[in-house]
Amino acid sequence: MTPTTNAAEEPFWLLDPAVTFLNHGSFGACPRPVMAVQEALRREMEANPVLFFGDGLAPRLDDALACLAEFLAADEGNLLFMSNATTAVNTVFHSLRLPAGGEILLTNHVYPAVRHTVMAAAEAVGLSVVEARIPFPLRDAGEAVQAILAATTPRTAMAVLDHVTSPTALILPLERLLPALRAQGILTLVDGAHAPGMIPLRLEELGADFYAGNLHKWVCAPKGAGFLWIDPRHHGTMRPLVESNRNIRSRRCDTELRRRFFWTGTRDLSSWLTVPAALRILQERYGPWPGIMAANRALALEGRDRLAAALGIEAAAPDELTGAMVSLPLPPPWRWPEEGESLFLPLQRRLQSKFAITVPIIPWPDPDHPLLRISAHRHNQASDYHRLAEALLAL
Ligand SMILES: Cc1ncc(COP(=O)(O)O)c(C=O)c1O
């Protein structure tokens, strides 16, 4: 944990200082001053709910979305707030009418909730699901490109690709994949749950049809902040999962798309309204975002090298496909399950209970071959990875 410089100052992060927290990737971590902004909004909401929702909400949501659009190099008219990436992916499949008999392509690194969404959508309309198998360890970007493009067929209607994969922490080479898929007439949905705040994004230039992202992970916004970017040619088909009261309208971007999505029932939208504060507060503390992302990545690579050296293993992915998260296949003896149970959870629990280290051990591709996934954000330091290496060796 980064020590506070001023003893009188409250720690920036709310993370338990007694714990070595190496799993920023799963749920992010929201700093104290960002939470304070959210709490103030909630108090304001309860001080006069009618004024808060009636007068103030539309322009505030407009402003928050405009600020996010700038961060993502996106046109604000193509962006909608979503509660999380899962909701964004579900919204796309709820809206699309894919041709019966077609195929949806995903990869063996897909996030489980996204896999389930795709399977349910495919089953509902008689589509098949095809899984491209990206090798891991991965030698170079070409291997991933080859695995995905080789799995397309003339029936492929849509490809669902991670920007940063969850179990294996690979940055997929979208700049090569998306144009090739588009050239074949295949729609693309990018699951960018991990990308915003981890790697620089320029959404208008990426060439996806849909891009789902989270802000409660690497941007450190409060939980429940995500977005969906939609190419303008799909605006007409998009429908929310819950129908909206269309009377409350955006003032600066009063499009049919926004009207459909703007007010899908009364709820606490403070996490969305806090996104600009998260973007600003992290920068005030640590400098501009490109520097934050570069420093996090450098720390993750350093942590990877430290662990790999201690465990006598090699990096499983090239540096250019690595951001602020790294997965390493655990070698024997950790590979062997204990009698009657898979290894990954007992090991994760032991690291927590014996060493106060929070780090995921992921049963991928199966429980007998677990991956150790480390994350790096500004609350981490090099000694955290050293502690983890020592703990693993001591187990
Ligand atoms: C690649 C990927 N997609 C989607 C999700 C789902 O995110 P959320 O639970 O915020 O919807 C995650 C969460 O870790 C993820 O790693």
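Counting charges near ASN90 (Lys, Arg +1; Asp, Glu -1) among other residues having Cβ under 14 Å from its Cβ returns a value of +1. Antiparallel beta bridges, as assigned by DSSP with both residues in the chain, represent about 45 percent of the total such bridges.
Comparing LEU351, HIS235, PRO59 along the charge dipole axis of the chain, the residue lying farthest to the positive side is PRO59, per the Cβ-charge model.
Take region 42-187, compute every pairwise Cα distance, and split them into 10 Å bins from 0; I just need the percent in each bin. Final binned percentages: 10, 31, 31, 16, 10, 3. Shown for the chain: the carbon plus sulfur share of the solvent-accessible area, taken with all protein chains present and a 1.4 angstrom probe, equals 54%. Round to a whole angstrom and tell me the spacing of the C-alpha centers of region 188-227 and region 253-323. Each part's Cα centre sits 8 Å from the other's.
For region 42-126, the Cβ-based charge dipole about the Cα centre amounts to some 360 debye (Lys, Arg positive; Asp, Glu negative; other atoms uncharged). Rg over Rh for the chain works out to 0.97, both radii taken from alpha-carbon positions and Rh defined as the Kirkwood radius. Out of every Cα-Cα pair that region 288-394 contains, those further apart than 17 angstrom amount to 52 percent.
Accessible surface of ARG182, taken over heavy atoms with a 1.4 Å probe and every protein chain present, rounds to 90 Å².
Which value in deg cm²/dmol, rounded to the nearest 500, describes the helix-derived mean residue ellipticity at 222 nm for the chain, given -39,500 (n - 2.57) per DSSP H run of n ≥ 4 and division by the residue count?
-12000 deg cm²/dmol
In sequence order, region 73-78 has phi-based couplings of 6, 10, 6, 4, x, 9 Hz under the Karplus curve 6.51 cos²θ - 1.76 cosθ + 1.60, θ = phi - 60°, and Gly or Pro positions carry x.
Its Cα centre serving as origin, the chain has a Cβ charge dipole (Lys and Arg +1, Asp and Glu -1) of approximately 540 debye. When region 288-394 is described by a simple charge dipole with +1 on each Lys and Arg Cβ and -1 on each Asp and Glu Cβ, the residue from TYR385, SER327, PRO367 located farthest towards its positive end is TYR385. Backbone phi angles across region 376-390, fed through the Karplus curve with coefficients 6.51, -1.76 and 1.60 (θ = phi - 60°), yield HN-Hα couplings of 9, 10, 5, 7, 8, 9, 4, 5, 4, 6, 5, 4, 5, 4, 4 Hz in residue order; Gly and Pro are listed as x. Taking PRO135, PRO290, PRO154 in turn, the Gaussian network model of the chain (Cα-Cα springs below 10 Å) assigns the largest fluctuation to PRO154. Counted residue by residue at 0.36 nm each, then reduced by the alpha carbon distance between them, the extension gain from ALA36 to ASP63 reaches 7.8 nm. Gain on full extension, evaluated as 0.36 nm per residue between ARG249 and ASP368 minus their Cα-Cα distance, stands at 37.6 nm. Residue-wise HN-Hα couplings along region 160-166, as the Karplus relation 6.51 cos²θ - 1.76 cosθ + 1.60 with θ = phi - 60° gives them from phi, are 10, 10, 6, 7, 10, 6, 6 Hz; Gly and Pro carry x. The dipole here belongs to region 1-89: it is taken about the Cα centre, uses +1 on the Cβ of Lys and Arg and -1 on the Cβ of Asp and Glu, and is about 260 debye.
Charges on Cβ only, +1 for Lys and Arg, -1 for Asp and Glu, centred on the Cα centroid of region 38-281; of THR153, SER271, ILE199, which one is farthest towards the dipole's positive end? The listed residue farthest towards the positive side: SER271.
For the chain, the solvent-accessible area of protein heavy atoms averages 41 Å² per residue (probe radius 1.4 Å; ligands and nucleic acids excluded).
Amide H contacts under 5 Å for THR188: ALA159, ASP209, PHE210, restricted to partners 5 or more places along the chain or on a different chain, H placed in the peptide plane at 1.01 Å from N.
The values are calculated or read from the model by the stated rules, or taken from the named source; none is laboratory data. Predicted model only: the values in this text are computed from it and were never measured. Here Cβ is always computed from backbone atoms with ideal geometry, including for glycine, and neighbour counts include all displayed protein chains. SASA here: full protein model, heavy atoms, side chains in, ligands and nucleic acids out. Shrake-Rupley method; radii C 1.70, N 1.55, O 1.52, S 1.80 Å.
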